[in-house]
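Inspection log for the structure reproduced underneath, given as structure tokens.
The values are calculated or read from the model by the stated rules, or taken from the named source; none is laboratory data. As the structure is a prediction and not an experimental result, all values here were calculated from the model. With ideal geometry, Cβ positions are generated from the backbone for all residues, glycine too; neighbour counts draw on all protein chains shown.
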């Protein structure tokens, strides 16, 4: 997990002043963006990563990046997951995403988990594992690529923007309908953000825990 001015691994949504953000093997670009957004809002966070090179880079920037498996209850407890409000999970492996969401949902049910899904089936499985909201990973990158192609085709900037926005709205509308019909939150289902069940958190008497902040996986 990595959290602070530069996320070494993770993805995140800011809804109501989350207190913990859980990050693991995230893409460098999206991690940096998330970290920047959190930092600009002065929201503390912590990050976990299973790649030592990413941890080294993060630490060299004086960031609270730690080496550890975000799917491990012990590791999550060590970084203070029981005090977290939210976790962003954007790992490269579908299996790792699922395992991390499952661990957070089972052992730290008060932590709202926002996770990147590789496809619809993966998203539905993440829902079953306990994800608060699932975001399809291919939509925005694909729209950016499409915009670049349209620009190369000499379409006016205003027309490109209108085309991309219309497609995005239509796609999200379809996902919302699918979400409502299936009773899940796949497709930016933030309507469930405030409805995740809460239960007692594990004991937090570990002296090595990181102070309250965002947890990123």
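Counting only helices (runs of 4 or more DSSP H) that sit completely within the range 1-84, those holding 1 or more residues that are at pLDDT below 80, surrounded by fewer than 24 Cβ atoms within 10 Å (Cβ to Cβ) and out of contact with any helix residue (DSSP H, G or I) (no Cβ under 9 Å at 6 or more places or on another chain) correspond to 28-40. May I ask you to verify whether residue 193 is surrounded by 11 or more Cβ atoms within 10 Å (Cβ to Cβ) and modelled with pLDDT of 90 or more? For residue 193, the condition - surrounded by 11 or more Cβ atoms within 10 Å (Cβ to Cβ) and modelled with pLDDT of 90 or more - is not met.
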